[in-house]
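The values are calculated or read from the model by the stated rules, or taken from the named source; none is laboratory data. Predicted model, so just to flag it, every value in this text is computed and none were measured. When we count neighbours, we look across all protein chains shown, and the Cβ atoms used for this are built from the backbone with ideal geometry, even at glycine. Surface areas here come from the heavy atoms of the whole protein model, side chains and all, with no ligands, DNA or RNA. Shrake-Rupley method; radii C 1.70, N 1.55, O 1.52, S 1.80 Å.
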Amino acid sequence: MGRTLTFNIFRYNPADPASSPHMDRFTLDETERMTLFIALNRIREELDPSLMFDFCCRAGICGACAMVINGRPGLACHTKTKDLPDEITLMPLPVFKLVGDLSVDTGTWFRGMYQKVESWVHTDKLFDPKAQEERMDNALAEQIYELDRCIECGCCVAACGTAIMREDFLGAVALNRLARFILDPRDQRTEKEYFEVVGTDEGIFGCMGLLACEDVCPKEIPLQEQLGKLRRKMAFAAVKNILPKFLKKDF
Amino acid sequence: MQIFQTDLLCIGAGLAGERVAIEAADNGFSVICLSLVPARRSHSSAAQGGMQAALGNSAMGEGDSPDVHFADTVKGSDWGADQECARIFVDTAPIAMRQMAFWGVPWNRVVPGEQTYYKGGKPFTAYEKPENEGLIHSRSFGGTAKWRTCYTSDGTGHAVLYTLDTRAAQMGVEVHDKAEAIALIHDGDNCMGAIVRCLKTGELKAYLSRATLIASGGYGRIYRESTNAVICDGGGHIIALNTGVVPIGNPEAIQFHPTGIVPTDILVTEGCRGDGGTLLDVNQYRFMPDYEPEKAELASRDVVSRRMTEHMRKGLGVKSPYGDHLWLDIRHLGEKHISTKLREVQEICESFLGVDPVHQLIPVRPTQHYSMGGVRTDKDGAAYGLKGLFSAGEASCWDMHGFNRLGGNSLAETVVAGMIVGGKVVEFLKGTDTTFSTAAIRDAMHRQEARIADLVSCANGGENPYTVRNAMFDSIMKGAGIFRNGKDLEKCVSELQEILGRARKVGLRSGGKGANPELTMALKIEGMVKLALCVAYGALQRTESRGAHTREDFPERNDRDWLTRTLATWAPGADLPTLNYEPATQVFEMPPGDRGYGGGKIIPMDAPKA
């Protein structure tokens, strides 16, 4: 304790013609068990009421507060100042459209993603309110939930070499989402239909395998494993498509 | 002025808002959801426990039925609930859970055979029937006769919200996120939509709608220490209250949870105490057995919260830069137990406190958790006071929770009420035409533009909105917290009236351009203080103790005089809400009686007047 912390924070308000992108410095005395949630709110309330940033649940559940903290994407709410040096640099997430200062528009990006991968259960069945639920093996339900744990914070996209180079890349979050639906027997899409969504350079074949996505994932979702499985599945699907019919059954 | 027009406008895109939206979209109506944050970040996502529904698939849920669920809910509410709504809720909940399964929620399922479960920290075995294999499983929650809480690991709210949000996307529901409704457009009889400030650009827009739904969650953030997300600041209640005609039902009914961590007020589960954790004071002395010799730390939520507060009032709390707190000690449970059975608690302690609960104490204090009150509606979800206005979820006072809601009932309410109210909104849209008055729209827009101009130019004064908010926090935490009494509430009400005067004089220091957060705060501070006054004034007038509302000077539940629901409206320019009362329920399926826990005396309905 007793440290004085210096925050270098990216500033730019696109709605203010007088504003230009720059860094601002703020200093705060560090308090016990301080997190970036506490520090940023103190800066706003005590030093600069115009500072824009996003928090929502402040408990690591909702994914609202992702930002680049000393060069690394992460959730600000569960970043403790005691784990950081005296000087802390905060930047908004790249890839997503800037709202202002540390705030970015993740909603539009993710909604676009759901539409691209059609992130919902595809079924021709109708819900019958009188019928008992369809049964599911508990172990499978747990596997699906394991991939459903993604909180769409955007860290994996911000840390992705491909996503930064090409705007149309789906990113680990979308590929993981599709892996979730492939596991789910309620989704009746065929392998061919999945292939049409992700069997491209914008999808699984655009991944360079740098795996920063998994390194920065605050929920520690096994993205490396999921991307590997998906690549193998889609590669087989691709090969199957060019083979003559009599060979296809071998896969 | 940019104008959007839609059949249904949902203010809030959490579980309740999206469920209603889906029902309307399914029936061919256009829907726009407004949300302060991307829909999936709504506070619904933070609910970990589960949803109560009497499916009765699990061994410990055997013999469950909607009737048993109904009795638990009404007892839990301390007979404050509207019993018609509670009945609709319990009957519909099983269908809603199955519908969620159909849409893709990965509910945990029954695994057949001998299974080991925990109760009070001790393992026991139960036999799950083979014929129930793969059906939706359930876990235990407080105040219930059966295990009936459907769950998805420790992320039920998250899993259901993600499923509903993709269903909404599939149905073509538009979500306009980072958008805040700052006023309803109405003519005193009909609601016609809302004036909305875009939190990406700061622009004001008008949304015209034939039906409008308030599903903006609770108002926990009028308290400094709340487990709620920072967006749960009562925005939807404020715009309802500002109409002057829409009442807030039971604003004083506020639930507190004993163990929010300090600072940041994140909840750590009741399971810590269930498994044998203890509460210690500044001298590391275990004080709960002195107050509650029998149950100690395992008394009900309300009781433990009250005792902790009482102990801190004696000066035995631990001082910190974030206010006084107590310690939760789970060290004696050992590393193995903590890292397996209480993994989530360990993660919260490590991530947010830097505390290792295997070797260190966890700083905790009672923390605001849930608003039972809200926009008062009839059993169809239609708000009192304005035609075309509806409400559902925590934002509403539908009212199945009365003065205390059970764990697992609130999350279930979002999708069950969403389904019911959604159906009623569809009926309304099919059967009603709306005339949009351009004068009402223009007036509403001009009023908001003028408000913003005044804030930016400090026309009414230069009070700092954050300072005013802190004054409100200080006052309501002291006056209308866990323990309430006439003297402190009177002081709180008069302080809040003075603070309301200051809230009307706030001005910006920062220019207010674009998505300026100071303007966001300044626009709602007056409304937040009004809500705080509804809570404090409602609590002052209610001279009894019922559920979470605890009056030290009136310890009895008084069914003779107070089997009622408070209805708080705010007349234009007034300094206090107008309070009216209606019977708690029109239909008595279960007459008032003893809850069977919590103790306390009851003054019966037919007791002679004092």
**OP:** Name the shape class, rounded, prolate or oblate, that the alpha-carbon gyration tensor gives for the range B:389-492, where a ≥ b ≥ c are the square roots of its eigenvalues, rounded holds for a/c under 1.5, and otherwise prolate holds if a/b is larger than b/c and oblate otherwise.
**Re:** oblate
Original post:
Between residue B:203 and residue B:543, what is the spin-label point distance in nm, taking each point 7 Å from the Cα along the Cα→C-beta axis?
Top reply: 5.6 nm
Original post:
From the phi of every residue in the range A:4-20, what ³J(HN,Hα) in whole Hz does the Karplus formula 6.51 cos²θ - 1.76 cosθ + 1.60 yield, where θ is phi - 60° and glycine or proline is x?
Top reply: 9, 9, 10, 10, 9, 10, 5, 10, 5, 10, x, 7, 10, x, 7, 8, 10
Original post:
Zone of residue B:483 (label point 7 Å along Cα→Cβ, backbone N under 19 Å): which residues in the range B:570-604?
Top reply: B:598-601
**OP:** Please work out the C-alpha center-to-center distance from the range A:112-128 to the range B:329-374 and express it in whole Å.
**Re:** 38 Å
Original post:
Given a 1.4 Å probe and the protein chains all in place, what does the accessible area of residue B:139 round to, in Å² to the nearest 10?
Top reply: 70 Å²
**OP:** Return the distance in nm (one decimal) between the two label points of a simple spin-label model at residue A:242 and residue B:343, each offset 7 Å from Cα along Cα→Cβ.
**Re:** 4.3 nm
Original post:
Where a Cα-Cα gap under 28 Å defines reach, which lysines qualify for residue A:116, not counting those fewer than 8 residues away within the same chain?
Top reply: A:97, A:125, A:192, A:219, A:229, A:233, A:240, B:178, B:200
Subject >> Contact surface B-A: accessible area buried, both sides summed, square angstrom, 1.4 angstrom probe >> reply: 5800 Å²
**OP:** Quick one: order B:350, B:518 from most to least accessible surface, probe 1.4 Å.
**Re:** B:350, B:518
**OP:** Quickly work out the residue A:48-to-residue B:504 label distance, labels modelled 7 Å from Cα along the C-beta direction, and quote it in nm with one decimal.
**Re:** 3.5 nm
**OP:** Please label the shape of the range A:133-215 as rounded, prolate or oblate, based on the square roots a ≥ b ≥ c of the eigenvalues of the alpha-carbon gyration tensor (a/c under 1.5 means rounded; beyond that, a/b larger than b/c means prolate, else oblate).
**Re:** oblate
Subject >> Normalised convex hull volume, the range B:493-573, alpha-carbon set, Å³ per residue >> reply: 133 Å³
Subject >> Overall form of the protein assembly as shown per C-alpha gyration tensor (a/c, 1.5; a/b vs b/c) >> reply: rounded
**OP:** List, in order, the whole-Hz ³J(HN,Hα) value for each residue of the range B:581-595 obtained from phi through the Karplus relation with A = 6.51, B = -1.76, C = 1.60 and θ = phi - 60°; use x for Gly and Pro.
**Re:** 9, 9, x, 4, 8, 7, 10, 9, 7, 10, x, x, x, 7, 6
Subject >> Number of partner chain Cβ atoms within 10 Å, mean per residue of B:105-115 >> reply: 4
**OP:** Using 0.36 nm per residue of separation minus the Cα-Cα distance, give me the extension gain between residue B:594 and residue B:91 in nm, one decimal.
**Re:** 178.7 nm
Original post:
When the Cα centres of the range B:153-204 and the range B:11-69 are compared, how far apart do they sit, in Å?
Top reply: 15 Å
**OP:** Please identify, among A:185, A:129, A:218, the residue showing maximal mean-square fluctuation in a Gaussian network model of chain A using a 10 angstrom Cα cutoff.
**Re:** A:129
**OP:** For the range B:291-343, state which GluC sites (Glu not before Pro) are in a DSSP loop and have at most 16 other beta carbons lying within 10 Å of their beta carbon.
**Re:** B:294
**OP:** Leaving ligands, DNA and RNA out of it, report the carbon-plus-sulfur percent of the accessible area of the range B:128-209 at a 1.4 Å probe.
**Re:** 41 percent
Subject >> Estimated FRET transfer efficiency (residue B:26, residue B:2; beta-carbon r; R0 41 Å; 0.05) >> reply: 0.90
Original post:
Across peptide B:342-348, what mean number of C-beta atoms from other chains lies inside 10 Å of a residue's C-beta?
Top reply: 1
Original post:
Projected area of the range B:83-190, taken from the Cα convex hull and averaged over every viewing direction, in nm²?
Top reply: 11.5 nm²
Subject >> Within the range B:358-440, trypsin sites (Lys or Arg not before Pro) in DSSP loop having at most 11 other beta-carbon neighbours inside 10 Å >> reply: none
**OP:** Whole Å is fine, so just give me how far the alpha carbon centre of the range B:258-282 lies from that of the range A:20-73.
**Re:** 26 Å
**OP:** Could you please put B:487, B:200, B:530 in sequence from largest to smallest accessible area, using a 1.4 Å probe?
**Re:** B:487, B:200, B:530
Subject >> Accessible surface, the range A:134-183, averaged per residue in Å² (probe 1.4 Å) >> reply: 35 Å²
Original post:
R0 = 25 Å: FRET efficiency of residue B:439 with residue B:571, Cβ-based, nearest 0.05?
Top reply: 0.65
Original post:
Scanning chain A for helices, which whole DSSP H stretches are 24 Å or more long along the axis (Cα) and average -1.0 or more by Kyte-Doolittle?
Top reply: A:223-242
Original post:
In whole Hz, what ³J(HN,Hα) sequence does the range B:309-321 give by Karplus (6.51, -1.76, 1.60; θ = phi - 60°), x for Gly and Pro?
Top reply: 5, 4, 5, 5, 4, 7, x, 9, x, 8, 6, 8, x
Original post:
Given the protein assembly as shown, what percent of its DSSP beta bridges are antiparallel, to the nearest 5?
Top reply: 70 percent
Subject >> Choice from A:200, A:35, A:190 showing the highest fluctuation, given a GNM over chain A with Cα pairs closer than 10 Å >> reply: A:190
**OP:** May I ask you to list the lysines whose Cα is less than 25 Å away from that of residue B:379, ignoring any residue fewer than eight positions away on the same chain?
**Re:** A:130, B:75, B:387, B:424, B:430
Original post:
When Cβ neighbours within 10 Å are restricted to other protein chains, what is their mean count per residue of peptide B:2-14?
Top reply: 0
**OP:** Name the most mobile residue of A:80, A:130, A:233, meaning the one with the largest mean-square fluctuation, in a Gaussian network model of chain A with Cα contacts below 10 Å.
**Re:** A:130
Original post:
What does the helix-only formula give at 222 nm for the protein assembly as shown: each DSSP H stretch with n ≥ 4 adding -39500 (n - 2.57), the total divided by the residues, and the result rounded to the nearest 500 deg cm²/dmol?
Top reply: -10500 deg cm²/dmol
